[in-house]
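Derivation of every value follows stated rules applied to the coordinates shown; laboratory data play no part. Nothing here was measured: the structure is a model prediction, and the numbers come from that model. Neighbour counts are summed over all protein chains in view; Cβ atoms, including those assigned to glycine, are modelled from backbone coordinates with ideal geometry.
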Amino acid sequence: MNTVPTMSIASQLAGNGLQQHLYSEPTAVAEECRMAGYSCWWDSDCCNESVKLICEWWTCRYA
């Protein structure tokens with residue numbers, strides 16, 4: 001009987017870049033912080049020490 005090796009669906013769908021991002025350390029992700037006017041995917045991508053920024057229409061904007 002032939003057996004098929006099993007892999008998780010996430011492992012099959014994710015390429016190396018996505019897998020590295022999923023398992024990256026928090027400090028590595030925090031270093032990618034973007035200022036107002038820069039592109040983003042999530043609110044956590046945007047940062048400013050004095051004013052809250054949000055990710056709106058794929059751009060960091062002032063809240």
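Summarising the amide proton neighbourhood of CYS40: residues at separation of 5 or more, or on other chains, whose placed amide H is nearer than 5 Å comprise THR59, CYS60.
Other residues within the sphere of radius under 12 Å centred on the Cβ of ASP43, judged by their own Cβ, net out at +1 (K and R +1, D and E -1). Shown in residue order for the range 50-56 are the 3J(HN,Hα) couplings computed by the Karplus curve 6.51 cos²θ - 1.76 cosθ + 1.60 at θ = phi - 60°: 9, 10, 6, 10, 10, 9, 10 Hz (x for Gly and Pro). Distance between the pseudo-spin-label points of TRP58 and CYS33 (7 Å out from Cα toward the beta carbon): 2.5 nm.
Under 5 Å between amide hydrogens, built in the peptide plane, is the criterion, and for ARG34 it picks out CYS46, CYS47 among residues at least 5 positions away or on other chains. Between the amide H of GLU56 and those of ARG61, distances stay under 5 Å, these residues lying 5 or more places away or on another chain, with hydrogens modeled in the peptide plane.
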